[in-house]
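First the structure, in the form of structure tokens, and then the observations on it.
The values are calculated or read from the model by the stated rules, or taken from the named source; none is laboratory data. Given the structure is predicted, the values throughout are model-derived calculations rather than measurements. Using ideal geometry, Cβ is built from the backbone for each residue, glycine included, and neighbour counts are taken over all protein chains shown. Heads up: the accessible areas ignore ligands, DNA and RNA and are worked out on the full protein's heavy atoms, side chains in. Shrake-Rupley method; radii C 1.70, N 1.55, O 1.52, S 1.80 Å.
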Amino acid sequence: MRAVYATSLSAEDPLSGLVVGELPLPDDRNPSGFVRVKLKTSALNHHDIFSLKGVGLAADKLPMVLGGDGAGVDDDGNEVIVHSVVSTPDWRGDETLDPKRSLLSERYHGTMADYVWVPARNLVPKPAELSFAEAAALPTSWLTAYRMLFSVSQVQPGSTILVQGAGGGVATALISLGKAAGFRVWATSRSDEKKAKALVLGASECFATGERLPERVDVVFDTVGEATWSHSLKSLNPGGTIITCGATSGAAPSADLGRVFFMQLRIIGSTMGTREELVRLSQFLANTGVRPEIDSVYPLEKARDGFQKMLEGDIFGKVIFQH
């Protein structure tokens with residue numbers, strides 16, 4: 001089958017192990033309880049770059065089809081979205097809390113191929129209102145943003161929130177979802193172009209990265225890490241909260257514990273989301289008309305171009321592959 005897959009891992013040159021071409025059907029494609037989906041679209045995430053660097057993907061799992069996001073048609077003809085968090089068969093409850101959980105493309109082959117095999121419970125009906133490209137954008141970054149905003153933060157509509165690093169998939173989702181839910185959304189970016197696009201998406205004000213804000217905010221959503229962490233802490237009201245789901249610029253900033261305890265700040269981690277949250281997210285989009293920001297669409301055969309674009313940081317929204 002056609003696939004985008006990793007054959008080797010390199011922290012210094014991640015694309016050296018990326019192959020776009022034919023791959024024999026995997027021998028372990030049909031474990032008990034797994035079903036097949038013929039994919040129409042898939043989406044690129046930083047997770048795929050990290051996988052090529054050897055973060056979360058072991059060498060003994062190679063070759064591995066990349067991709068956690070996808071939408072397509074199952075063998076019964078149903079249009080579906082693929083939920084990429086795979087829990088152990090006997091796990092009950094929130095699958096993101098399963099210590100043995102994995103994401104597609106870590107233990108099981110991912111979505112950047114003609115077909116993917118996943119547990120039957122990992123399929124979510126695709127609303128007819130969403131295109132396959134829009135649906136493929138949801139399972140990682142948009143689901144992560146939905147959980148951060150609505151399940152984890154406890155922020156109330158009318159509050160002011162700050163989204164660090166406008167441009168990435170999670171950040172653009174937070175801006176769109178926050179605007180639709182009635183928050184005053186502020187955003188930061190180093191790029192004037194990305195700040196302008198964030199305003200179009202629904203941010204009420206945009207600031208340069210690290211710029212002092214006109215007033216403090218209730219919640220900061222930080223996917224950047226070291227480069228923005230100090231600014232995130234300083235931007236919070238007393239008793240405010242940082243929700244973090246990633247650290248693309250580094251994972252070891254100064255904790256600034258004095259500020260944390262004196263200002264009684266909360267720091268909460270959030271990872272991906274549940275199948276039920278993905279169902280609610282897709283219905284939220286169908287009901288409100290909010291749609292994922294799509295940066296670019298490539299045929300699957302040109303996937304390397306999309307990976308290169310992400311490595312260069314020249315994206316705003318999601319990179320989609322058409323199968």
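What number of residues within the range 88-107 are touching a residue at least 12 places away in the same chain (Cβ under 8 Å) and surrounded by fewer than 23 Cβ atoms within 10 Å (Cβ to Cβ)?
11
Restricting the first residue to the range 128-141 and requiring it to be over 15 Å from SER176 (Cβ atoms), which pairs with a second residue that is assigned to a loop (DSSP other than H, G, I, E, B) meet a Cβ separation below 6 Å and a spacing of at least six or different chains?
Here the result reads ALA135/LYS126; PRO139/HIS83; PRO139/SER84; THR140/ASN45; THR140/GLY68, each pair linking the range 128-141 to a residue that is assigned to a loop (DSSP other than H, G, I, E, B).
How do the helices (runs of 4 or more DSSP H) wholly within the range 132-188 filter down when requiring 1 or more residues that are at pLDDT below 95 and open to solvent by less than 20 Å² (accessible area, probe 1.4 Å): which remain?
Answer list for the range 132-188: 169-181.
I need the strands (runs of 3 or more DSSP E) fully contained in the range 1-87, keeping only those with at least 1 residues that are within 16 Å of GLN308 (Cβ to Cβ) and of a type outside the set (Gly, Ala, Ser).
2-6, 18-22
Take SER141 and decide whether it is among the polar types (S, T, N, Q) and closer than 16 Å to ILE315 by Cα.
yes
From (1) at pLDDT below 95; (2) under 23 Å from PRO299 (Cα atoms), pick out the condition that doesn't hold for ARG107.
(2)
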